[in-house]
Amino acid sequence: MKFSIALISGDGIGPEVTAWAVAALEKSVRSSGCSFDFIPLKAGGAAIDETGSPLPLETLETAKQCGAVLLGAMGGPKWDKGQVRPEQGLLALRSGLGVFANLRPAALLPPLRSACPLKPEISGAGGAAGFDMLIVRELTGGIYFGAHGRERIARDGGETETAAFDTERYSSGEIERILRVGYSCAGSRRKKLCIVDKANVLESSRLWREVGERVSKDYPDIETSYLYVDNAAMQLIRAPVQFDVIVTSNLFGDILSDEASVLTGSIGMLPSASLAGVPRSGGADGGTGGAHILGLYEPIHGSAPDIAGQDSANPLAAILSAAMALRYSFNMEKEARAIEAAVTAVLDAGLRTKDIASRDGDSGNERIVGTKEMGEAVLAALE
Ligand code: IPM
Ligand code: MG
């Protein structure tokens, strides 16, 4: 079997880190009878420079034909001030592929306990298991895609001034489908689901709660809870072990997943999967149970232009995103776990990129390495 994977390395550190994700994917399937055909495509800043568009039509059309899309990062200061920005390409890609469900797992890996900024008794590092949560972020709706614009409005005294607006709008169908993804994932985890909203203020959040109350009845074995987003932001730091699956809107998920990433040691550790369907319960972490779901796989860290080209980026989030591609788009749970185990083994052996160096002064067996050495070590551990 040969599967095609669209490869959008993108900007900044994107190409450096995705190269290792590609290598890990190739190596992980070498004895499975499957192979991958990587199709390089342009999007983001690189595509603006070449074509004027952050998402050329050809990129989207080709990506749709593939089994999965592997993405590095998009954006950089070079394009920040222009009318056309790389981030527009990323949003158009997510929307064009219909990948509405963004899974962002954030767990405290045992070897990274000392990179977590929380005290061990709070992170869970002192006890048997550290925190282990999955943020399920709605990705193709809400304020990112609602009506936005600028207008001139009247000011006191007859003058006018500029006003700008963005709109948070969710349909019950959009809410229901993301909740079902959350429930499906919770079913194969610790069976707890927390819906995060701002229902004390926002009408759209009140609809999230209404739909939540209806849909939760279909999942009696899963404990459903609700939190306001301000409280959730606090609880993440106060007691992260309480969370299993968090389901939330596009904007709240964007913010909370950056917050959660810091608890894992570094944003350089967090992979993500954005899926166009509901993964079936059953596999670890809600694997597909046999189905192939189109997915977009990307580290959540962004293009980090300040460290691009210096061999210091952490390739692990990209490599772990590749593992998620195996799990959700190709139904290869065994191979996905092999990549995750290789990452843990390398961390156990003490290898650290700068971002995940110990913070508590106890560097033990740690050795700081660059992108290349880290990538090579993961490949070697995949033997
Ligand atoms: C993310 C990023 C993007 C987002 C940006 C780059 C548009 O922050 O994937 O979390 O806001 O979704
Ligand atoms: Mg973000």
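Laid out as a table, the results:
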read-out	value
Extension gain (nm, one decimal) between ARG155 and ALA341, 0.36 nm per residue minus Cα-Cα	60.9 nm
Size of electric dipole in region 152-225: Cβ of Lys, Arg +1 and of Asp, Glu -1, about Cα centre, debye, nearest 20	480 debye
Pairs from LYS192/LYS217; LYS2/LYS64; LYS42/LYS372; LYS191/LYS334 whose Cα-Cα separation, in the structure shown, is over 18 Å	LYS42/LYS372; LYS191/LYS334
Average accessible area per residue (Å²) across the chain - probe 1.4 Å, nucleic acids and ligands excluded	41 Å²
Share of alpha-carbon pairs per 5 Å distance bin for region 190-344, given as whole %	2, 8, 14, 17, 20, 18, 12, 6, 2, 1, 0
Net length gained if the chain between GLU203 and ARG30 were fully extended (0.36 nm per residue, minus Cα distance)	57.2 nm
Calculated P(r) of region 17-65 - Cα pairs past 12 Å, %	68 percent
log₁₀ of I(q)/I(0) at q = 0.11 Å⁻¹ - the chain, Debye sum with one point per alpha carbon	-0.77
Added length on full extension, which subtracts the Cα-Cα distance from 0.36 nm per residue, HIS292 to ASN365	22.2 nm
Rounded FRET efficiency, nearest 0.05, which uses the C-beta distance separating GLU121 from GLN65 and R0 of 51 Å	0.50
Mean ellipticity per residue at 222 nm, deg cm²/dmol - from DSSP H runs of n ≥ 4 across the chain, formula -39500 (n - 2.57)	-11500 deg cm²/dmol
Förster radius 45 Å - calculated FRET efficiency between LYS78 and LYS217 (Cβ-Cβ, nearest 0.05)	0.35
Hz values of 3J(HN,Hα) by residue in region 220-228 - Karplus curve (6.51, -1.76, 1.60), Gly and Pro given as x	x, 7, 10, 7, 9, 9, 10, 9, 6
Pairs of alpha carbons in region 170-230 whose separation is greater than 17 Å (percent)	34 percent
Percentage relative contact order, region 67-140, counting C-alpha pairs under 8 Å, at least six apart	33 percent
Sulfur and carbon atoms: percent of accessible area, region 240-383 [1.4 Å]	53 percent
Cα principal axis extents for region 121-251, largest first, Å	65, 35, 23
Relative contact order %, the chain, counting alpha carbon pairs below 8 Å whose residues are six or more apart	22 percent
Ratio Rg/Rh, restricted to region 1-138 and using Cα atoms, in which Rh is the Kirkwood radius	1.06
Stokes-Einstein diffusion coefficient of region 288-383, Kirkwood radius over Cα pairs, 10 °C, 1.306 mPa s, in µm²/s	110 µm²/s
Highest average packing first - 27-35, 104-112, 11-19, Cβ atoms within 10 Å	11-19, 104-112, 27-35
Region 230-383, relative contact order [Cα under 8 Å, separation at least 6], %	20 percent
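The values are calculated or read from the model by the stated rules, or taken from the named source; none is laboratory data. Quick caveat, the model's predicted, so the values are computed rather than measured. As a convention, Cβ positions derive from the backbone with ideal geometry for all residues, glycine included, and neighbour counts pool all protein chains shown. Surface accessibility is based on the protein's heavy atoms, side chains included, excluding ligands, DNA and RNA. Shrake-Rupley method; radii C 1.70, N 1.55, O 1.52, S 1.80 Å.
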